[in-house]
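Questions regarding the structure given below will be posed in turn.
Readers should treat all values here as calculations from the given coordinates under stated rules, not as data from a laboratory. What you are looking at is a predicted structure, and each value in this text was computed from that prediction instead of being measured. No Cβ is skipped: glycine too gets one built from the backbone with ideal geometry, and neighbour counts run over all protein chains shown.
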Amino acid sequence: MYEHNLRFFALSFSPNFSYTNPMNQTRTRFAPSPTGYIHIGNVRSAIYPYLIAKQTGGKFILRIEDTDRNRYVEGATELIEATLKRLGLNWDEGPDIGGKYAPYFQTERKSLYHEWAKKLIEKGLAYADDTPPEQIEEYKKSSMAQKKPFLFRDFRPKNPPRWQEGVALRFKQTNLQRYHWHDAVMGDLSAGEGALDDFILIKKDGLPTYNFGHIVDDAEMKITHVIRGQEYISSMPNYLSLYDALEINRPIFAHVPHILGKTGNKKLSKRDGAKSVTDYLDEGILEEALLNFLACLGWNDGTEKEIWTMAELVQAFSLDKVQQSGARFDETKLLWLNGQWIRRLDLDDLYARSQSFFPESAKNHDEAYQKQVLELLQDRLKVLKDLKTMSTYFFEEPQTDLSMILDNKFLQKYEKSELANWLKQTLEILETTDWTSDDLQMKLNQLLETTAKKPAELFSLIRLALSYAPFSPALNDMMALLGKKIVKSRLQTAIESL
């Protein structure tokens, strides 16, 4: 459709573009719909306005756009609030704390939209529309037959009824022109009159459409920056015509590109394995890591810096550094980044965040021992949910699984008797150690010389015999923490099993 009636011309950025604020205070907003879980695209749309507000000493507003009652999900608002708080994106005005421009639920602002709608009716710029859906379908077929894009303004009713609740209200496009506007991300854009149509302002249920509601609310709440996804660019001419009709000053617009799936050729969706933000957090992605990752998903300050704290983001962020093309969601990069953040945490902080990820058997051991295990694994953790798999054998006897030994790529060529003999030699040499990490490493190195085996072979065997786990820390450190009695017992059990 837009190939016929809408063309955009993105020009170069104005590098010195300033965020002029006639009210001397920046006011940004995040305005989600409570229609389900909050996904990563939603959160990025919250991060950018939050950073702009904090950077300029302004206000960040949370507004719930809940007018689509068919898609409303009970508890979604609370989930949105909880997710933002977990990420540290705290708002200055919003549903739970109020503010100068309350209420912050659109369904509670119904009378306000009607007041603004009446202004348009009085100007002759809005009309009631009781056209049946089947009639609209006929109009669309007529336009298709004439090879023209369907525009409702071409079929505007000649004698519309008096508007009242129960009948839709449409905007009447009278100022057909080419619109030009500046986008803080996309540059200078324009679109011709083919993009303008008579769109719905108020639905039959008396609630506003997004096209009308967000403009009224942004004006009432003195919003200075409208930051949202690029899918709204195609509607900008209609929005601009409504700003003009309502005699509202335009805010600063910034449309950010889509987050793309792993193939990089389409918008990220549930089909690509996209999860809710809470899913990522509940699996052990740190809040700092997810915030860092999403802020940089399509934004770069021009350097190779990859680890960003919130304070650093607030200082460095600018909309003109947001890329115009989509950014690919790379979960491997997210896991790497999360590992970097895990390493940054002090042990007490990491321990506090890891409580729900320890195996149940960890409760049988004191806090000091749990922290020793965690400290040993900290450099190897990429996500906290891996802690259970990586640590269970420290807290309980592992179940013997000889297949892990016999199928190991370094060990599968050897006979069981050979493997058992290596473990016997290990037991012998361990009798003379004082059981420090350094001394254990020295004895293990001597064992390599005695057996004439490669580290990947001998150490893999010992590691598996002690843990039967796919991952483990350095062998000498693991043995030192497990203790001499447990190590000898597990090695003996493996010898007998082989």
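Between H182, Q378, N70, whose Cα lies farthest towards the positive end of the dipole of the chain when Lys and Arg beta carbons carry +1 and Asp and Glu beta carbons carry -1, centred on the Cα centre?
Towards the positive end, the residue furthest out is H182.
May I pose another question? Compute the relative contact order of the stretch 402-497 as a whole-number percentage, counting only Cα pairs closer than 8 Å that sit 6 or more residues apart in sequence.
38 percent
Right, another one. Using a Förster radius of 22 Å, what is the FRET efficiency between D130 and N211 based on their Cβ-Cβ separation? Nearest 0.05, please.
Values: r = 19 Å, r/R0 = 0.88.
That gives a FRET efficiency of 0.70.
Going by how many other Cβ atoms sit within 10 Å of their own, how do V73, V167, V226 line up, fewest first?
V73, V167, V226
Would you mind calculating the gained length between S403 and E360 on full extension (0.36 nm times residue separation, minus the Cα-Cα distance), in nm to one decimal?
Stretched out fully, the S403 to E360 stretch lengthens by 12.9 nm.
Which one, P132, H114, L345, is farthest towards the positive end of the dipole of the chain when Lys and Arg carry +1 and Asp and Glu -1 on their Cβ?
P132
I've got another one for you. What are the GluC sites (Glu not before Pro) within the stretch 60-106 that DSSP puts in a loop, where the Cβ has at most 15 other Cβ atoms within 10 Å?
E74
Round to the nearest 0.05 the FRET efficiency obtained for D320 and K123 when R0 = 25 Å and r is the Cβ-Cβ distance.
Taking R0 as 25 Å, the efficiency between D320 and K123 is 0.10.
Turning to a different aspect of this structure: Could you calculate the contour length gain from L112 to E375, that is, 0.36 nm times the residue separation minus the distance between their Cα atoms, to one decimal place in nm?
Result: 89.0 nm gained on full extension.
Considering the values (i) 26.6; (ii) 32.3; (iii) 30.7, which represents mean projected area of the Cα convex hull in nm² as calculated for the structure under consideration?
Recomputing mean projected area of the Cα convex hull in nm² here gives the entry labelled (iii).
Relative contact order, percent, of the chain when contacts are C-alpha pairs under 8 Å separated by at least 6 residues?
13 percent
Any idea how many Lys pairs in the stretch 143-244 come in under 26 angstrom at the alpha carbon, given 8 or more places apart or on separate chains?
So the count of such lysine pairs works out to 11.
Same structure, new question: Counting other C-beta atoms within 10 Å, which of T83, T303, T493 has the fewest, and how do the rest follow?
T303, T493, T83
Moving on. Rounded if a/c is under 1.5, else prolate if a/b beats b/c, else oblate: with a ≥ b ≥ c from the C-alpha gyration tensor eigenvalues square-rooted, which is the stretch 307-411?
oblate
Cα centroids of the stretch 175-254 and the stretch 333-347: how far apart, whole angstrom?
The distance from the Cα centre of the stretch 175-254 to that of the stretch 333-347 comes to 41 Å.
Rank these for me by crowding, F357, F30, F471, going from fewest to most other beta carbons within 10 Å.
Ordered by Cβ neighbours within 10 Å, fewest first: F471, F357, F30.
With charges only on Cβ, +1 for K and R and -1 for D and E, what is the dipole size of the chain about its Cα centre, in debye, rounded to 20?
Using Cβ point charges on Lys, Arg, Asp and Glu, the chain gives about 1520 debye.
What angle do you read, to the nearest 10 degrees and between 0 and 90, between the alpha-carbon axis of helix 110-122 and the longest principal axis of the chain?
It is inclined by approximately 40 degrees.
Related question: Given points 7 Å out from each Cα along the Cα-Cβ axis, report the K385 to R353 separation in nanometres with one decimal.
With each label point 7 Å from Cα toward Cβ, the separation is 1.6 nm.
How about the stretch 361-451: which GluC sites (Glu not before Pro) there are in a DSSP loop, with at most 16 other Cβ atoms within 10 Å of their Cβ? Write down the numbers at each step before the final one.
Details: sites: E367, E375, E396, E415, E418, E428, E431, E449; in loops: E396, E415, E431.
When the GluC sites (Glu not before Pro) of the stretch 361-451 are filtered for loop state and at most 16 Cβ neighbours within 10 Å, E396, E415, E431 remain.
Here's something else I'd like to know. Where the centroid of each part is defined by its Cα atoms, how far is the stretch 89-106 from the stretch 408-458 in Å?
Using only Cα atoms, the two centres lie 64 Å from each other.
Here's another thing I want to ask about it. Taking N as the number of residues in the stretch 402-497, what value does Rg over Cα atoms divided by 2.2 N^0.38 Å take?
So the Cα radius of gyration is 0.97 times the expected 2.2 N^0.38 Å.
Just for the chain, what percent of DSSP beta bridges are antiparallel, to the closest 5?
On the way: 16 of 31 bridges.
Bridges in the chain that DSSP calls antiparallel: roughly 50 percent.
Filter K385/K453; K59/K119; K85/K385 down to the pairs with a C-alpha to C-alpha distance above 32 Å, please.
Where the Cα-Cα span goes over 32 Å, the pairs concerned are K385/K453.
How much length is gained on full extension from A452 to K262, taking 0.36 nm per residue of separation minus their Cα-Cα distance?
Once the chain is fully extended between A452 and K262, it gains 63.9 nm.
Under a plain spin-label model, where a point goes 7 Å from the Cα along Cα-to-Cβ, how far apart in nm are M442 and K485?
Inter-label distance under the simple model: 2.6 nm.
Next question, about the same structure. What distance in nm separates the simple spin-label points at D188 and A219, each placed 7 Å from Cα in the Cβ direction?
2.7 nm
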